[in-house]
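*Asks:* Questions regarding the structure given below will be posed in turn.
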Amino acid sequence: MKENLEVIKAQAISAIETAADEKEIEELRVKYLGKKGELTAILKQMGSLDPAERPIMGQLVNEAKQSLEELIGKKKSELLAKATELKLKAETIDITMPAKTSKPGKLHPLNSVLDDMIDIFQSMGFDVVDGPEVETDYYNFECLNVPADHPARDMQDTFYLGENLLLRTQTSAAQIRTMETRKPPIRVICPGRVYRADEVDATHSPVFHQIEGLVVDKGITMCDLKGVLEQFAHEIYGKDTKVKFRPSFFPFTEPSVEVDVSCSECGGKGCRVCKGSGWIEILGAGMVHPRVLESCGIDPEEYSGFAFGIGLDRLTTTRYKISDIRLLFENDKRFLEQF
């Protein structure tokens, strides 16, 4: 039995030392040290020995078992270290190679112009308010002095979502909500997306952006409106920009005007951009109609106000000399990288 133990131990040592991986080591551990292993089998045969030989043989088996366990542990550590070394070599990063560069994002031209406009109007004391894009007929039309039979509704092709719901055609609806919840003095701008059923071409889109402005207080006149819009035009287009007011009609303002600025391309001499007129229309404005104030619970005998609506998309195209409004919505990297 002693000679058999020595043979088993020698075989186990040889097999463990030549093992190639942890899986093989585990198989050897089970083979020699497991419950049905070869050393366990020797222990089961000790009952046939002389009682005086049993302690000696038991000690030899335990020493062999301990020796193999230490050898297995050592071999596992060596295999683990070797595997780690190979993995590190395979994953080595060549720090001399040039890094992959990523271009930082920039503001979209629409957002850039919007931020500038918000800064300009906030410097003049305006707050920024928002309103829902899905509006009711009441806020989008009726409260703005545009009843169901009013011909001005024919000026706007509206996306209706139901009997009384629609996609807002102007951000003026947010002004009505503001006047219902705030008491004068009021000085706000309302930027946002609006929707009209226009055919898509170089100058029209069914989705575009507006910034509506509203001032309501005691003693507000057309002179105040003119001063604010001239200041705005000079901030956006430059101090040498000329501003022209033309009579117009909007159901929610009386009197109403359209505002032109001298063409930045030709300086007012006439060119392709301004179609030879020397002027470019940028917004509509006017004094808030007394009926609109009254519908919002504001006494038109005590308060007056002015409102204006600026097309952000047109302002952006004229500022950056963009020939086609569709470029603002197509997300073409070749176009966006120019900003």
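The values are calculated or read from the model by the stated rules, or taken from the named source; none is laboratory data. For clarity, every value in this text was computed on a predicted model and none was experimentally measured. Every residue, glycine among them, receives a Cβ derived from its backbone with ideal geometry; neighbour counts consider all protein chains shown.
*Asks:* Given the criteria outside any helix (DSSP H, G or I), in the same structural domain as Arg187 (by TED's automatic domain parsing) and among the aromatic types (Phe, Trp, Tyr), does Phe232 qualify?
*Replies:* no
*Asks:* With the structure loaded, tell me whether Phe245 is out of contact with any Pro (no Cβ under 6 Å at 6 or more places or on another chain), crowded, with 19+ Cβ neighbours inside 10 Å, assigned by TED's automatic domain parsing to the domain that holds Glu133 and among the aromatic types (Phe, Trp, Tyr) or whether it fails that test.
*Replies:* no
*Asks:* Could you look through the range 1-16, keep only residues that are loosely packed, with under 15 Cβ neighbours inside 10 Å and without any contact (Cβ under 8 Å) to a residue 40 or more places away in the chain, and pick out the one that is farthest from Leu79 (Cα to Cα)?
*Replies:* Ranking the qualifying residues of the range 1-16, first place goes to Glu3.
*Asks:* Tell me the residue from Gly276, Gly270, Gly286 that is of a type outside the set (Lys, Arg) and either at pLDDT 85 or above or in contact with a His (Cβ under 6 Å, 6 or more places away or on another chain) (or both), please.
*Replies:* Matching residue, one of Gly276, Gly270, Gly286: Gly286.
*Asks:* Another question, then. Could you tell me whether Asp299 is among the charged types (D, E, K, R) and crowded, with 17+ Cβ neighbours inside 10 Å?
*Replies:* So Asp299 fails the test.
*Asks:* Another one. Tell me, please, whether a residue that is crowded, with 17+ Cβ neighbours inside 10 Å, assigned to a loop (DSSP other than H, G, I, E, B) and out of contact with any Cys (no Cβ under 9 Å at 6 or more places or on another chain) can be found in the range 268-284.
*Replies:* No, the range 268-284 contains no residue that is crowded, with 17+ Cβ neighbours inside 10 Å, assigned to a loop (DSSP other than H, G, I, E, B) and out of contact with any Cys (no Cβ under 9 Å at 6 or more places or on another chain).
*Asks:* Looking only at residues in the range 256-267 that are in contact with a Leu (Cβ under 9 Å, 6 or more places away or on another chain) and either surrounded by fewer than 17 Cβ atoms within 10 Å (Cβ to Cβ) or hydrophobic (A, V, I, L, M, F, W, C) (or both), which one is farthest from Gly286 (Cα to Cα)?
*Replies:* Val259
*Asks:* Sticking with this structure for a sec: Taking the options Ile298, Ile310, name whichever one is in a loop (DSSP other than H, G, I, E, B), touching a helix residue (DSSP H, G or I) at 6+ places or on another chain (Cβ under 8 Å) and either within 22 Å of Cys223 (Cα to Cα) or among the β-branched types (Val, Ile, Thr) (or both).
*Replies:* Criteria check complete, one pass: Ile298.
*Asks:* Filter the range 161-212 for residues that are closer than 21 Å to Ile282 by Cβ and aliphatic (A, V, I, L, M); which is surrounded by the fewest Cβ atoms within 10 Å (Cβ to Cβ)?
*Replies:* Among those that are closer than 21 Å to Ile282 by Cβ and aliphatic (A, V, I, L, M), it is Ala202.
*Asks:* Turning to a different aspect of this structure: What do you reckon, is Ala52 in the same structural domain as Val7 (by TED's automatic domain parsing) and either of a type outside the set (Gly, Ala, Ser) or assigned to a helix (DSSP H, G or I) (or both)?
*Replies:* no
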